[in-house]
1. Using Cα pairs closer than 8 Å and at least 6 residues apart in sequence, work out the relative contact order for the chain, in percent.
2. Among the listed pairs 180/243; 180/224; 51/243; 103/224; 103/243, which have their C-alpha atoms separated by more than 20 angstrom in this model?
3. Helix 10-21 versus the longest principal axis of the chain: what angle, 0 to 90°, nearest 10, using Cα atoms?
4. Which of 41, 54, 132 moves most in a GNM of the chain, Cα contacts under 10 Å?
5. Calculate how steeply helix 242-258 sits against the longest principal axis of the alpha-carbon atoms of the chain, using the helix alpha-carbon long axis, and give the answer as 0 to 90 degrees to the nearest 10.
6. Over the alpha carbons of segment 90-214, what is the largest minus smallest coordinate on each principal axis, giving the biggest first in Å?
7. Return one quarter of the surface area of the convex hull spanned by the alpha-carbon atoms of segment 1-141, equal to its mean projected area, in nm².
8. List the pair-distance distribution P(r) of segment 206-252, using every Cα-Cα distance, as the percent of pairs falling in each 5 Å bin from 0 up to the bin containing the longest distance, rounded to whole percents.
Amino acid sequence: MLVLIRGAGDLASGIALRLWRSHIQVVMTDLPQPTAIRRTVCFSQAIVYGKTQVEGVTAVRAETQADVENALAAGLIPVLADETMQCLQWLHPDVLVDAVLAKRNLGTRITDAPLVIGVGPGFTAGEDCHCVIETMRGHTLGRVIREGAAIPNTNIPGLIGGYAGERVLRAPKAGIFEQKLDIGAMVQAGDIAGIVDGEPMRCTIAGVLRGILPDGTPVHKGMKSGDVDPRGDASACYTASDKAIAIGGGVLQAILEYTGVLKER
C-alpha cells in the first residue's frame, strides 16, 4: 500500500511515523521553503537539508519519480517539494492524506485517490474526502468522522500546561524573520526569541522553546513563528507530540477500515 501525505509539518510527520511503523509506504509533499515551526520533528526538513530523521525514521528529499522509487525501496520516506501535488499524475497512491492543516481545503478532491482522508477543519466527509480526522484537543481528538466535518477552527490553540494562546509566538510585523534562540532553549517571559526587521518577538510565558522559524523566512504580521511549551521538558522537543500520534492513529484506523483490512464485527 502507498500513502501520499500532503504536508510534512509536525502533525503530518506524526501521521507518517505511525504509518511507516505499521509497514505502510509513505510519500510526503511540502513547500519548497517549508514554514514548519517544530522543525526538529518535521520530515519537511528533508527538503531543506536533503535528509532528516525523526525518532530514528529517515526521510530524504526526492525530485523525480526515480528518487521516490529508490527511497521507498530503501525503506526511507521520500519528501517532494510539490505544493500542488503534481506527483499525483505519476504516483497514483492508494491513499491521499491531506495534512496541511490550513483550516481549509487547498484543492484536494475526493477523486484524487481511492481513499482520501482530510485532517482537521476544512473538509467534509462524502464531499471532498471519504472521511475526516478530528484535530481539536479533547475527547474527540483523533476520531474518524465518517459524515460531516471536524470541529470548526476556533483560532485558539489547545490548552497545554494551563496555557493556550500565550504559547504561540507571532511575528510582530511583516518582513524577514531572524531567529535568536534555538529549539530546546529554556525561556522566560520577555525573552526575545526572534526579530523581524528590528522589532523583537518576545516570549509571553516561561517554558521551553519547542519550535521557531528559521532565519530568512518571510513572514506577515501575526504569523505563527514560534511555540513555547510551559511544561519545560526539553526532551519533548525531539519527539512527535501526543496530538500528532493521536491523529496518526486515527489516520491508520481509517485506512484499515476503508480498505477493508478491518471488517465490521
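1. Working: 655 pairs, mean separation 51.0, N = 265.
Relative contact order comes out at 19 percent.
2. Cα-Cα > 20 Å for 180/243; 51/243; rest within.
3. Result, in degrees: 40.
4. 54
5. On a 0 to 90 degree scale, this one is about 10.
6. Here the spans come out as 48, 37, 23 Å, largest first.
7. On the way: hull surface 31.9 nm².
Projected over every direction and averaged, the Cα hull of segment 1-141 covers 8.0 nm².
8. Histogram of Cα-Cα distances, whole percents per bin: 5, 18, 19, 19, 18, 17, 5, 0.
Computed from the coordinates by the stated procedures, all read-outs in this text should not be read as laboratory data. Computed from a predicted structure; not experimentally measured. Cβ: placed from backbone, ideal geometry, glycine included. Neighbour counts: every protein chain shown.
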